[in-house]
Every structure is written in structure tokens, then in C-alpha cells.
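First the structure, which I've put down as C-alpha cells, then a few questions once you've had a look.
Here, each number is a calculation from the coordinates, and none is a lab measurement. Predicted model only: the values in this text are computed from it and were never measured. Note: ideal-geometry Cβ built from the backbone for every residue, glycine included; neighbour counts use all protein chains shown.
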Amino acid sequence: MTGTTNTFALKTKIDNYSIFKQLEVFIKIVECNSLSVAAQKLNLTPSAISRTLTKLEEQLGVMLLKRTTRNIILTDAGNYLYNQANNLLANLDKSLIKTASFYTHPHGQLKITCSIAFGTLHLMRLFGEYKANHSEVSLSVDLNDQLVNLNEENFDIALRITATPPDNFALRKICPINWVYCASAQYLEQKGIPETIKDLDDYDCLINPNISHAWQFKDENNNVISVKGNNTILANSTLALVQAALTHQGIVYLPTYMLGEHLKAKELIPLFLPKYDKENTTYNLYALYCPSKYHDPKIRSFIDFLVNQFENDVFWDEWMQDY
């Protein structure tokens, strides 16, 4: 019991910050082989050097140095402490330097969660462009269509496409997300081109059941009515619905970041464009993050990169220039 008490008392003393100063003095004495020379190097008085060494020996309960009139000889305990303390202080110095520069340049693993479709179609390419100038940053991605609580999950950024962003996180708007109805030219040649959303009752509709607002219209009495559709395909994967549209199976309604490439190549034809700008620009891509993490340069710089990427042009909407 006594040994345990003594060990605890010793640890309590050694945990004090002053131990680092004492170790610095001890190392300098050994390096200079003289208390007086060490005092000069450290800009201290010889008596202060002597008191510091004595205090260190008293705390440890061992003699570290044997002092003669001409020389200083390390004891076994002193030799062991000298080697260990040298490594300790060298590593501490490196750690302090690295810590001081921690928030000055982006590095480390960036953990992002986003929807399956956006992550698959765009995030990897965007991160590749970002990494070209930030080679010390690596990426960990969780592709998930479920909303993630950043306070409970270990993510740095959540990329979310929504008309109503949550108010319990810090966020930045990256760019608008437009939506459009479209179908393949072959399908429209066979079925004809619908003039209004109401006309979709007579068309094959490719629907994600999680997008409740998409297939609705208002009648002459301003009542909201859902499109019934003909031979409707339901799929909870928007990527699957794109493939169905490309293979001439019906009309799809999805965000243009999924359709832009196909619209530009005329593989899909947009519908109802006169109403497009007025009705389909309420969605935005947001970067959500915890405010306490924003000082981390990899988080801040990646969000800045995304904002700059879409500041002047949303590249997946280039097809609009043809309509």
C-alpha cells in the first residue's frame, strides 16, 4: 500500500508542467559538462541551475549526477533519464511545431457524407480537382440518402440537396439545383410530347416514391391533384430511373445534375421548359458542417473550392443554352 501511495505522489509531482523546464536544465548541464556553462547558455544564474537540478533529483528520489571539481559524471539513472528526456523533448518540440501549424494548411482525412447519386456522379471528380492543389488531404465518403446528424456521426461535411436546409447546423449554399421532366426522343416520337403536367396521366411515368411533390399539378380550382400515370415504374433509386428513361421506358423528373450530360447529348429531351425557371429553382446544394470544425483548413478550403467551382456556372446545366 505504501508503494502505491508513493507512486501516486510521485506521479502527481511529475505531472507538473515545471518538469519540462527541469529536464531542459538537466540536459543542458550534461551537454555542457558544467553547471556554470549551462547557466550561461540558458541565461540563468549558477545557483538557479543548481537548485533546479536538486529539485529534479528530489522529485525522482535518485541522484542523477556526481559532481567533482573538474567533471560531471552521469549515474546510471542519470544516463537513462538523459537519453529518454532527449527523445521526449525532441518529440515534444516536433509536436508543438506541428500543432502550431495545424490550422494553417489543409491536411488529413476529410470525411464527407452525401447522397448516392451526387457522390457517384460528381463528388469523386470534384475531389480529384481539389486534391490537385491539396495533396495532403485524403477522402472518406459515406454515400447515403438518409439525413445524417453531424453531432452524432463523425463527419466533417454533409452535402445535401434540399429546399429547406436544417437550421441546427452551419451551412453554405453551393449552387442552385434545377429539376426537369424529360424523356428520350424515341419515347416522345412514339407517345407524342405532353403540353402540361396534367397530360402525364396518359404517359409512362418513372417515379421515385420519396419525391412526393414531383408528380402533382393544380386544377382550375387550385386543388392539388396527383398524376396517375400509365404503366408507372416505381424505384427508390434515381440512378435506376435515369437508366429507365435512357432506354425509352417513360418520363422522368429529376435534378439536372443527374441529367445534364444526357440532355446536352440529346439523349433526353426536356419538357415544360416555359415553366422551368419559375417553378424548379427552389432546391440548392448545401454544405453542412459543425461551426466548431470550420477552422480546420481542410473543411474550410474544400467548401470554398465548391463555392468557387459553381460561382459563375453550373456545368451540368450547360444544355440550357440550346433551349
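Between PHE20 and TYR283, what length in nm is gained on full extension when 0.36 nm per residue of separation is reduced by their alpha carbon distance? The partial results should precede the final answer.
On the way: separation 263, 0.36 × 263 = 94.68 nm, distance 5.64 nm.
Working it through step by step, the gained length comes to 89.0 nm.
Filter the GluC sites (Glu not before Pro) in the stretch 108-156 to those in DSSP coil with at most 11 other Cβ atoms within 10 Å of their Cβ, and list the result.
Values: sites: GLU129, GLU136, GLU152, GLU153; in loops: GLU136, GLU152, GLU153.
Filter output for the stretch 108-156: GLU136, GLU152.
Dipole size in debye (nearest 20) for the chain around its Cα centre, Lys and Arg Cβ +1, Asp and Glu Cβ -1?
On the way: 29 positive and 34 negative charges, 497 e Å.
With only Lys, Arg, Asp and Glu charged at Cβ, the dipole is about 2380 debye.
Can I ask one more? Quick check: convex hull of the Cα atoms in the stretch 179-279, volume per residue, rounded to a whole Å³? Present the calculation step by step, with values, prior to reporting the outcome.
Working: hull volume 9.8 nm³, N = 101.
Once divided by residue count, the hull of the stretch 179-279 is 97 Å³.
Sequence gap at least 6, Cα distance under 8 Å: using those rules, report the relative contact order of the stretch 114-236 to the nearest whole percent. Provide the component values of the computation, followed by the final result.
Details: 84 pairs, mean separation 23.0, N = 123.
It comes to 19 percent, rounded to a whole number.
Could you tell me the calculated FRET efficiency between THR162 and GLN84, based on Cβ-Cβ distance and R0 = 51 angstrom, to the nearest 0.05?
Values: r = 56 Å, r/R0 = 1.09.
The value I calculate is 0.35.
Another one. Pull up the DSSP beta bridges for the chain and report the antiparallel fraction as a percent, rounded to 5. All intermediate terms of the calculation are to be shown ahead of the outcome.
On the way: 25 of 39 bridges.
In the chain, approximately 65 percent of DSSP beta bridges are antiparallel ones.
Continuing with the same structure: Give, in nm to one decimal, the length gained when the segment between TYR323 and ALA235 is fully stretched (0.36 nm per residue of separation minus the Cα-Cα distance). Kindly include the intermediate steps, with their values, before the conclusion.
Numbers: separation 88, 0.36 × 88 = 31.68 nm, distance 2.92 nm.
Length difference between fully extended and current span is 28.8 nm.
Which whole-number percentage describes the relative contact order of the stretch 179-279, with Cα contacts under 8 Å and a sequence gap of 6 or more? Mind dumping the intermediate values first?
Details: 157 pairs, mean separation 44.1, N = 101.
Relative CO of the stretch 179-279 lands at 44 percent.
Here are several values of volume of the Cα convex hull per residue in Å³: (i) 215; (ii) 144; (iii) 120. Which one was derived from the coordinates shown?
(i)
Moving on. What is the dipole size for the stretch 179-279, taken about its Cα centre, with +1 at each Lys and Arg Cβ and -1 at each Asp and Glu Cβ, in debye to the nearest 20?
180
Which Cα, out of LEU126, GLN109, TRP316, lies furthest along the positive dipole direction of the chain (beta carbon charges, K/R +1, D/E -1)?
Of the candidates, GLN109 comes out farthest on the positive side.
Okay, next question. Between LEU139, ASN154, ASN79, whose Cα lies farthest towards the positive end of the dipole of the chain when Lys and Arg beta carbons carry +1 and Asp and Glu beta carbons carry -1, centred on the Cα centre?
With unit charges placed on the Cβ atoms, the residue in question is ASN79.
What spacing in nm lies between the two simple spin-label points modelled at ASN210 and ASP76, each 7 Å away from Cα in the Cβ direction?
According to this spin-label approximation, the distance is 6.8 nm.
Of ASN221, ASN210, TYR181, whose Cα points farthest to the positive end of the dipole of the stretch 179-279 (charges on the beta-carbon: +1 Lys, Arg; -1 Asp, Glu; origin at the Cα centre)?
Farthest towards the positive end: ASN210.
Here is a follow-up. Looking only at ILE19, ILE112, ILE157, which one moves most when the chain is put into a Gaussian network model with springs between Cα atoms under 10 Å?
Maximum among the listed residues: ILE19.
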